[in-house]
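Q: Just dropping this structure here.
The values are calculated or read from the model by the stated rules, or taken from the named source; none is laboratory data. All values derive from a computational prediction rather than experimental measurement. FYI the Cβ positions are ideal-geometry reconstructions off the backbone, even for glycines, and counts take in every protein chain you see. Protein only, heavy atoms only, side chains kept; ligands, DNA and RNA dropped before computing areas. Shrake-Rupley method; radii C 1.70, N 1.55, O 1.52, S 1.80 Å.
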Amino acid sequence: MVELDLDLSAVRAMVAVNDEGQFGLAASELGISQQAVSKRIAKLESQLGTRLFERRIGSVALTAHGARFLPHARAILASGDAAIAAVLDSQVLRVAVHGAQIADGNLMRFYLETRPDAEVELVMTSPSKTSRNAVIDGRVDAAFARAHWRARPLPPHVTETPAYFDALHLLVGKDHPLANSDHVELHDLEGFTAWMPGAGFGSEVADFYRQLSDYCGITIDTDRYPGGIGFAIIIDRISASPTLVTFGGEGTSTPWHPAVRRLPIVNPTPVYPMSLLWQKAVSAHPQLVPLLDFVTANFNGSAHGTMWIPQPDRLHFTR
């Protein structure tokens, strides 16, 4: 067997390119230049003697050899991170959230403000690299995310507990036909179009909105728009549109806009179900135990009878 000294930075670049789908996005995720990413991939391909990616216009795809190498690459990185953590003997719990404005970020902000001595590091993720994937891949110890996704079930080394029901509101511009309503019923959304660019990636979030669309008939538009997919961009576009709507979580800090109306959704109220996921290897971590106690004590699950959540989630959250 040929022995190769694999460069971990090159392996990390390979995984990032696969996860992000583009060399440019991978470079942003890694905090290096696109040229540096290309050089690392070229070095790895040279060492292995085969191409790992097919280059396409605007995107890349794994070759057959790349697909075979990918799970081993993830295992290499997870082992490397675990080795570093073991040497450092870190007591810091790394927890992934979807962003500072999202419900899980707000939940953790409250938790840390009331426990200033907690040794917790928050890791912000993105629509293309979710908190759920971060804990599955071993990049963090724990994460807040939707636990159930048929396309990628939780592996045996990750466990979870219900954490938060984030009730969704409808956001519309002042010239939208629903703007003067004081509420809207879920099935009344049939025929409308919700712009949700953050659901345009293969993830448990996208799966949630696909099932919501199947249930109530609303169309989910995930097209990208010039300027990005941040909250401010979404709110600006919705404020100026007489046809588009979007969803905002009750626990999410949506930017205020004078031309946007926020409407409760009832009969039933759609909610995004969040769990706290963690690596079983850290179950006894001294920082995880009080966080679990906090989440369990404050879980708002008693009103599930008036809520809509996908059936696999309902079976879990109401057991």
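Q: What are the residue pairs meeting all of these: first residue in segment 113-129, first residue touching a residue at least 40 places away in the same chain (Cβ under 8 Å), second residue in a strand (DSSP E or B) and open to solvent by 70 Å² or more (accessible area, probe 1.4 Å), Cβ atoms under 8 Å, and 6 or more apart or on different chains?
A: Val120/Arg94
Q: Next up: Do you know which of the residues in segment 27-61 that are over 20 Å from Ala73 (Cα atoms) and assigned to a loop (DSSP other than H, G, I, E, B) is farthest from the chain's Cα centre (by Cα)?
A: Only one residue fits best here, namely Ile57.
Q: Out of segment 125-141, which residues are assigned to a helix (DSSP H, G or I) and either aliphatic (A, V, I, L, M) or open to solvent by less than 20 Å² (accessible area, probe 1.4 Å) (or both)? Spell out how you get there, then give the answer.
A: Just the residues of segment 125-141 that are assigned to a helix (DSSP H, G or I), to begin with: 131-136.
Hits for segment 125-141 are Ser131, Arg132, Ala134, Val135, Ile136.
Q: What is the residue count in segment 19-28 for residues that are under 17 Å from Ala134 (Cβ atoms), open to solvent by 20 Å² or more (accessible area, probe 1.4 Å) and either in contact with a helix residue (DSSP H, G or I) (Cβ under 6 Å, 6 or more places away or on another chain) or charged (D, E, K, R) (or both)?
A: So the answer is 2.
Q: What do you reckon, is Pro273 open to solvent by 30 Å² or more (accessible area, probe 1.4 Å) and not polar (S, T, N, Q)? Full working, then the answer.
A: Values: open to solvent by 30 Å² or more (accessible area, probe 1.4 Å): no; not polar (S, T, N, Q): yes.
When the stated conditions are applied, Pro273 does not pass them.
Q: Is it true that Thr114 is farther than 27 Å from Ala26 by Cα and open to solvent by 50 Å² or more (accessible area, probe 1.4 Å)? Steps first, answer last, please.
A: Working: farther than 27 Å from Ala26 by Cα: yes; open to solvent by 50 Å² or more (accessible area, probe 1.4 Å): yes.
Yes, satisfied.
Q: I need every pair where a residue in segment 188-203 that is in contact (Cβ under 8 Å) with a residue 12 or more places away in the chain has its Cβ under 8 Å from the Cβ of a residue that is open to solvent by less than 10 Å² (accessible area, probe 1.4 Å) and aromatic (Phe, Trp, Tyr), sequence separation at least 6 or different chains.
A: Once the first residue is in contact (Cβ under 8 Å) with a residue 12 or more places away in the chain and sits in segment 188-203, its partners that are open to solvent by less than 10 Å² (accessible area, probe 1.4 Å) and aromatic (Phe, Trp, Tyr) give Ala199/Phe208.
Q: In segment 93-111, how many are surrounded by 15 or more Cβ atoms within 10 Å (Cβ to Cβ), charged (D, E, K, R) and farther than 20 Å from Lys280 by Cα?
A: Looking only at segment 93-111, we keep the residues that are surrounded by 15 or more Cβ atoms within 10 Å (Cβ to Cβ), and these are 93-99, 101-108, 111.
Of the ones still in play, those that are also charged (D, E, K, R) are 94, 104.
Filter once more, so that each one left must be farther than 20 Å from Lys280 by Cα: 104.
Residues flagged as surrounded by 15 or more Cβ atoms within 10 Å (Cβ to Cβ), charged (D, E, K, R) and farther than 20 Å from Lys280 by Cα within segment 93-111 amount to 1.
Q: Give just the number: which of (1) open to solvent by 40 Å² or more (accessible area, probe 1.4 Å); (2) within 20 Å of Ile309 (Cα to Cα); (3) in contact (Cβ under 8 Å) with a residue 40 or more places away in the chain does Asp214 not satisfy?
A: Just one mismatch for Asp214, condition (3).
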